[in-house]
């Protein structure tokens, strides 16, 4: 099956808000702070069966978006995955209707690697019509030896 991303301009623009993921402490959690305030976080889960690091959550506070916080979090998560677990790639899931996230991940060097039209529960009030899960991957260079 072939698939691709195609931009479609709509009026009015599509907007969606997701419930904020819970902030939980884990080995893979990185937190960005400014002035003692948490302004963003990212969480990694390591998959030893395929040597991949999954970005479970990535969030930047609205008023800090566009300032490089998300880029810094992704870069730090990538470095952590590469050095601590010798992960071969980063992998994540987002939604086809989350245009800002899709554009951000593409700018960060991720590529579209799959989709799942059945991931989301039909009738979920948080879903938009035709919402589909998209998967993105970013290869990581091998960790230095020694």
Backbone N within region 97-115 under 12 Å of label point (7 Å from residue 130 Cα along the Cβ vector):
97
Residue separation between residue 143 and residue 71 times 0.36 nm, minus their alpha-carbon distance, gives in nm 23.9 nm
Where labels lie 7 Å past Cα in the beta-carbon direction, separation of residue 93 and residue 107 in nm
2.6
Within region 121-146, what residues put their amide N at less than 18 Å from the label point 7 Å along the Cα-to-Cβ vector of residue 79?
139-146
Apply the a/c threshold of 1.5 to the C-alpha gyration tensor of region 29-139 and tell me whether it is rounded, prolate or oblate.
oblate
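No value in this document is a laboratory result; all are computed from the given coordinates. Just so we're clear, the structure is a prediction, and the values are computed from it rather than from any experiment. Cβ sites come from the backbone with ideal geometry, for glycine too, and all protein chains shown count toward neighbours.
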